[in-house]
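K.L.:
First the structure, which I've put down as structure tokens, then a few questions once you've had a look.
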């Protein structure tokens, strides 16, 4: 990352799953188009407005089977665009305050319509020109410390590639 810009294939920067995780789909992650990222006309418009460049996602089940973790990265035209996109979006749900790690973050506990997954949380953040969305779903609601650790690992991966 130079000057807040991430170059190359975003899949390289995705949160690395634990060694014992069961990865869904391509182990390297999946590249996503703007229409695959957008779940509504409003989001599609926001992606276009802020200069959507690329996106990638990886989803895995933790080795103990407790949580499904999905990391999605969306690269924008510049750092200001990623920040504006982050500031514009929120989710309907109970707001959760994460332990401070120096990273901007918003987290929400979402209601689930599934009998298998009653604890669903989404974490939003950004680093440089990349917007981060982490979702963690399981039979029980993930703790704040787990969410903060995952976000810290994603931040490190974006910053160092490791």
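K.L.:
Using just the alpha carbons, could you tell me how many Å³ per residue the convex hull of the range 31-162 encloses?
P.N.:
Details: hull volume 14.9 nm³, N = 132.
Hull volume normalised by residue count: 113 Å³.
K.L.:
Let me ask you something else. Per the Kirkwood treatment, what hydrodynamic radius in Å, one decimal, follows for the range 1-57 from the mean inverse distance over all distinct Cα pairs? Don't skip to the end; give the middle numbers.
P.N.:
Working: mean 1/r = 0.0764 Å⁻¹.
Computed over Cα pairs of the range 1-57, the Kirkwood hydrodynamic radius comes out at 13.1 Å.
K.L.:
As an exercise, use a Förster radius of 35 Å and the Cβ-Cβ distance of residue 153 and residue 48 to find the FRET efficiency, rounded to the nearest 0.05. Mind showing how you got there, number by number?
P.N.:
Values: r = 30 Å, r/R0 = 0.86.
Approximately 0.70, to the nearest 0.05.
K.L.:
Hey, what angle do you get for helix 79-88 against the long axis of the chain, alpha-carbon based, 0 to 90 degrees rounded to 10?
P.N.:
The answer is roughly 50 degrees.
K.L.:
If I fit a long axis through the Cα atoms of helix 144-160 and take the longest principal axis of the Cα atoms of the chain, what angle between them do I get, 0 to 90°, rounded to 10?
P.N.:
Tilt relative to the chain: about 30 degrees.
K.L.:
Sort 131, 50 by Cβ crowding within 10 Å, fewest neighbours at the top. Intermediate results must be reported in sequence, preceding the final value.
P.N.:
Working: 131 26, 50 22.
In order of increasing Cβ crowding within 10 Å: 50, 131.
K.L.:
OK, next. Let me check against my output: what whole-number percent is the relative contact order of the range 25-160, with C-alpha pairs under 8 Å and at least 6 apart? Provide the component values of the computation, followed by the final result.
P.N.:
Details: 264 pairs, mean separation 28.1, N = 136.
Computed value for the range 25-160: 21 percent relative contact order.
K.L.:
May I ask you to sort 49, 83 by Cβ crowding, counting other Cβ atoms within 10 Å and putting the fewest first?
P.N.:
Details: 49 13, 83 19.
Fewest to most other Cβ atoms nearby, the residues stand as 49, 83.
K.L.:
How do 52, 13, 89 line up, fewest other C-beta atoms within 10 Å first? Each step should come with its number before you reach the end.
P.N.:
On the way: 52 21, 13 24, 89 14.
The most exposed by this proxy come first: 89, 52, 13.
A short reminder: the numbers here are calculations on the coordinates, not readings from a lab. Just so it is clear, the structure is predicted and the values come from calculations on it, not from any experiment. Positions of Cβ are backbone-derived with ideal geometry, glycine not excepted, and every protein chain shown enters the neighbour counts.
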